Amino acid sequence: MVQRHTIGDKLFNIFLYVFMVMMAAITLYPFLNVLAISLNDSVDAVRGGIHIWPRKFTLQNYREVFTYPHLVTGFYISVLRTVVGTVLGLVSSAMVAYVISCREFMFRRFVSGIFVLTLYFSGGMIPEFMLIRKLGLINNFWVYILPGLISGWNVFVLRAYMDTLPENIKESAKLDGANDLTIFFRLILPLCKPVLATIALFIAVGQWNSWFDTFLYTTGNPSLTTLQYEMMRILQNVTVSSTGSMYALGQANAPRVSPESIRMTITVVATVPIVLVYPFLQKYFVKGLTLGALKG
Amino acid sequence: MNLKRAMGKIYHQRYLLLMSLPFVIWVVIFKYVPIWGWTMAFQEYKPHRTFWQQPWVGLAHFRELFRDPMFYEVMRNTLVMSVLSLICGYTLPIIFALLLNELRNGFFKRFVQTVSYLPHFVSWVIVASMFSKLLGIDGGVNQALMALGIIDKPILFLAQGRYFWGLVTSIEVWKEIGWNSIIFLAAMMAVDPDLYDAAAVDGAGRFRRMWHVTLPGISTVIAIMLIMSIGNLINIGFEKQFLLGNNLVKDYSEVLDLYVLNYGIRIGRYSYGTAIGIFKSVVSVTLLLLANGIIRRINPEGRII
């Protein structure tokens, strides 16, 4: 391609770089700001004026946060539901995708049809709430896993990927006497690693980030609280009284840490696991997302 | 004979049947049984009665809904915020992707992309926590505006109703612009490079190439994404409004799902709440079909149904 560097071109390039640097700065600033405040002495932080670098460095806020029993439980449950939910959700979605990718399967259209329909409508908040209550899942750990086990969307992304695998590998495995269960676990799953990584990321992020199911279903059992829910409670207390009056958490330890610093510290604790994982999966999820949009 | 063949087929595919059965049961229980719950909207539902003991009331709950002035306020808030989010959350990622596509430096491009995806992965709880700090009296936004001389005393952004719609939309754009640009960018990469060369030979500058080559090249993807966004117009959820809103801005932050939560679950008026849910489903399916129909006329490849 012939590149002609006119003045307009150069100006455009300068604009492009300035714009992109600003975009990156606007995106990162809130994160760095929260990190800086969480690493700063909390009495000093009240004076304000901290941007992306702590003024009086300390780890006191982190030590403090990990002594609150609610938050420790919340962290533990959040990790547990993310791990269990991702593993079960991934295997289940992949199994459904495998079944509807088998052309010879007699109920293929039926199974795929009942999952397609779920993409377009849902019962809504109240019928779902009544169902959960009838099933006895209130104040039960499995309410985090079962209702959202499979998303139709994920099934169709996985299935679109499985359709690109050559048909004859399955045939030859069958000739060797393998059944569908063996083929699925031994042959298909390993071949689907890139798309499984994408879906695993989506499910894990959804699990880690959700708070509404705790809010609706498990508030009666404090041992099932989640990090995001605890975070939400602190946030609600702060915004409702916009003057930022002491939240019960901070009150007990008022001299050492402010509720604001605690809030910023929990924000960091809840963000870090995701920030550590997603850049490594970037090339997978870009591909997975494109596959889903173009086939779906 | 036929029965024997069918039995043989079932036996032959027993593993596939075994693998799908648990999930068919799952989908029926968790996705289809709640649809049966829609009958509640036409009854005066009380939890201790069985289905046959619930008195039928016809469309009474719907009539009450359409007579409630609160409903119209909630509807207005929902529609304003969803239309704002559709306009900004749909056009800005396309522009962002167009500009990213023009970056020649591979490393810098990847860096900007990676950074721009970050906010998508954090929860609304965290985003709301960050922005309630940033938008506070001593937060970064007020400091920046004062330093620039635009305002002379700090504004309590989250305590004033007139800012709420704009703030929610801006924060949503901040969170999702990078993520929503992924699909457009991927589509742009698939545009035939020869077309750019041909356009360049014809004397088209960068803007004209973006306008005449890149955009038409991704028009199908643009159409598909538009239909899906319109179908979801009314399903804006309530997370952002629940987390960023407070009593002071209630008149601007109440949306349909919050209304269901407050009336349906908190007060226990299950039938009324279900009626609102049905109304929502009907509106979104209608919008989806409408958008699909319009797009089918303009660009037949872009339809999704």
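The values are calculated or read from the model by the stated rules, or taken from the named source; none is laboratory data. In this text the structure is predicted, and so the values were computed from the model without any measurement. Here Cβ is always computed from backbone atoms with ideal geometry, including for glycine, and neighbour counts include all displayed protein chains. Side chains included, ligands, DNA and RNA excluded: accessible areas come from the protein's heavy atoms. Shrake-Rupley method; radii C 1.70, N 1.55, O 1.52, S 1.80 Å.
With the Cα gyration tensor of chain A giving a ≥ b ≥ c as the square roots of its eigenvalues, does the rule (a/c under 1.5 for rounded; else a/b larger than b/c for prolate; else oblate) give rounded, prolate or oblate?
Values: a/c = 2.50, a/b = 1.36, b/c = 1.84.
Oblate, because a/c is 1.5 or more while a/b does not exceed b/c.
When the Karplus curve 6.51 cos²θ - 1.76 cosθ + 1.60 is applied with θ = phi - 60°, which whole-Hz ³J(HN,Hα) does each residue of the range A:134-148 get, with x for Gly and Pro?
These are the phi-based 3J(HN,Hα) values: 5, 7, x, 8, 5, 6, 10, 4, 5, 5, 7, 9, 5, x, x Hz.
Once the dipole of the protein assembly as shown is set up with Lys and Arg at +1 and Asp and Glu at -1 on Cβ about the Cα centre, which of B:L289, B:N142, A:S112 lies farthest towards its positive end?
A:S112
Would you pull out the residues with amide H under 5 Å of A:N179's amide H, same chain only if 5 or more places away, H placed 1.01 Å from N?
Correct list: empty.
Under the definition of partner shielding as Cβ atoms of other protein chains within 10 Å of a residue Cβ, what is the mean value for peptide A:38-49?
On the way: counts 0, 0, 0, 0, 0, 0, 0, 0, 1, 1, 7, 3.
The mean count of partner-chain Cβ atoms within 10 Å per residue comes to 1.
Check B:Q43: other-chain or 5+ apart residues with amide H under 5 Å from its amide H, H built from backbone geometry?
B:V57
Using alpha-carbon pairs under 8 Å, 6+ residues apart, how would you state the relative contact order of chain B in percent? If you can, show how the numbers build up before the last one.
Values: 288 pairs, mean separation 75.3, N = 305.
Relative contact order here is 25 percent.
Considering chain B as a Gaussian network with a 10 Å cut-off on Cα pairs, which listed residue, B:L287, B:L233, B:L17, attains the greatest mean-square fluctuation?
Maximum fluctuation in the GNM of chain B, among the listed residues, is at B:L17.
What total accessible surface area, summed over both chains, is buried at the interface between chains A and B, computed with a 1.4 Å probe and given in Å² to the nearest 100? Walk me through the intermediate numbers first.
Working: alone 18100 and 19160 Å², together 28750 Å².
It comes to approximately 8500 Å² buried between A and B.
Out of A:L28, A:G49, A:T6, whose Cα points farthest toward the positive end of the dipole of the range A:1-58 (charges: +1 Lys, Arg; -1 Asp, Glu; placed on Cβ)?
Of the listed residues, the answer is A:T6.
Normalised by the residues of the range A:87-224, what does the relative contact order come to in percent, with Cα pairs under 8 Å and at least six apart? List each step's numbers first, then the result.
On the way: 79 pairs, mean separation 55.1, N = 138.
So the answer I get is 40 percent.
Can you work out the Karplus-derived ³J(HN,Hα) for every residue in the range B:124-138? Use 6.51 cos²θ - 1.76 cosθ + 1.60 with θ = phi - 60°, whole Hz, and x for glycine or proline.
Per residue, the Karplus-derived 3J(HN,Hα) values read 4, 4, 5, 4, 4, 5, 4, 6, 5, 6, 5, 8, x, 4, 9 Hz.
Compute the Cα gyration tensor for chain B, then decide on rounded, prolate or oblate, letting a ≥ b ≥ c be the square roots of its eigenvalues: rounded whenever a/c is under 1.5, prolate when a/b is larger than b/c in the other cases, and oblate in all that remain.
Oblate shape, in that a/c is at least 1.5 and b/c is the bigger or equal ratio.
Among A:L187, B:V125, B:N246, pick out the residue whose Cα is farthest towards the positive end of the charge dipole of the protein assembly as shown, where Lys and Arg carry +1 and Asp and Glu carry -1 on C-beta, about the Cα centre.
My answer, from the dipole projection, is A:L187.
Under a point spin-label approximation (7 Å from Cα along Cα-to-Cβ), what is the A:Y17-A:F280 distance to one decimal in nm?
Label-label distance for A:Y17 and A:F280, simple model: 3.3 nm.
Step through the residues of the range A:261-270 one at a time and calculate ³J(HN,Hα) from phi using the Karplus curve (6.51 cos²θ - 1.76 cosθ + 1.60, θ = phi - 60°), rounding each to whole Hz and writing x for Gly and Pro.
Calculated HN-Hα couplings, in order: 5, 4, 4, 5, 5, 5, 4, 5, 4, 6 Hz.
Within 10 Å of each Cβ of A:25-35, how many other protein chain Cβ atoms are there on average? The partial results should precede the final answer.
Values: counts 1, 3, 10, 4, 4, 13, 6, 0, 5, 5, 0.
That works out to 5 on average.
Please go through the residue pairs A:K10/B:K175; B:K175/B:K250; A:K10/A:K287 and name each one whose alpha carbons sit more than 28 Å apart in this structure.
With Cα atoms farther than 28 Å apart: A:K10/B:K175; A:K10/A:K287.
What residues have an amide H closer than 5 Å to that of A:N40, excluding those fewer than 5 places away on the same chain, when H is modeled at 1.01 Å from N in the peptide plane?
The answer is A:T58.
Over the range B:157-305, what is the relative contact order in whole percent, taking alpha-carbon pairs under 8 Å and six or more residues apart? Show your work: numbers first, answer last.
Numbers: 122 pairs, mean separation 44.9, N = 149.
For the range B:157-305, the relative contact order is 30 percent.
Using a cut-off of 25 Å between alpha-carbon atoms, which lysines can reach B:K46, once sequence neighbours fewer than 8 places away in the same chain are excluded?
Leaving aside lysines fewer than 8 places away in the same chain, those within reach of B:K46 are A:K134, B:K31, B:K280.
Students often check this: by mean Cβ neighbours within 10 Å, which of A:204-213, B:52-61, B:144-153 ranks highest, and how do the rest follow? Write out the running numbers ahead of the final one.
Values: A:204-213: 21.4, B:52-61: 12.5, B:144-153: 9.7.
Result, highest mean first: A:204-213, B:52-61, B:144-153.
Run the dipole for the range B:69-302 about the Cα centre, Lys and Arg Cβ at +1, Asp and Glu Cβ at -1, nothing else charged, and hand back the magnitude in debye, nearest 20. Show your work: numbers first, answer last.
Working: 18 positive and 15 negative charges, 54 e Å.
In total the dipole reaches around 260 debye.
Just in the range A:73-166: which trypsin sites (Lys or Arg not before Pro) are loop by DSSP and have at most 12 other Cβ atoms within 10 Å?
Numbers: sites: A:R81, A:R103, A:R108, A:R109, A:R133, A:K134, A:R159; in loops: A:R103.
Here the trypsin sites (Lys or Arg not before Pro) that fit, given the DSSP loop and packing criteria, are A:R103.
Taking the range A:139-247, which GluC sites (Glu not before Pro) meet the DSSP loop condition and have no more than 16 other C-beta atoms within 10 Å?
For GluC sites (Glu not before Pro) across the range A:139-247 that sit outside H, G, I, E and B with at most 16 neighbouring Cβ atoms in 10 Å, the list reads A:E167.
From largest accessible area down, sort A:C192, B:C88; use a 1.4 Å probe on the protein chains. Can you show the working numbers first?
Values: A:C192 0, B:C88 40 Å².
Descending order: B:C88, A:C192.
Per residue, how much accessible area does chain B show when a 1.4 Å probe rolls over the protein heavy atoms, in square angstrom?
Values: 14840 Å² over 305 residues.
Spelled out: the 1.4 Å probe surface of chain B, per residue, equals 49 Å².
As an exercise, identify the trypsin sites (Lys or Arg not before Pro) in the range B:66-105 lying in DSSP coil whose Cβ has no more than 15 other Cβ atoms within 10 Å.
On the way: sites: B:R67, B:R76, B:R104; in loops: B:R104.
Filter output for the range B:66-105: B:R104.
Given a 1.4 Å probe and every protein chain left where it sits, what share in percent of the accessible area of the range B:69-302 is carbon and sulfur?
Details: 6410 of 9940 Å².
Solvent-exposed carbon and sulfur of the range B:69-302 make up 64 percent of the total.
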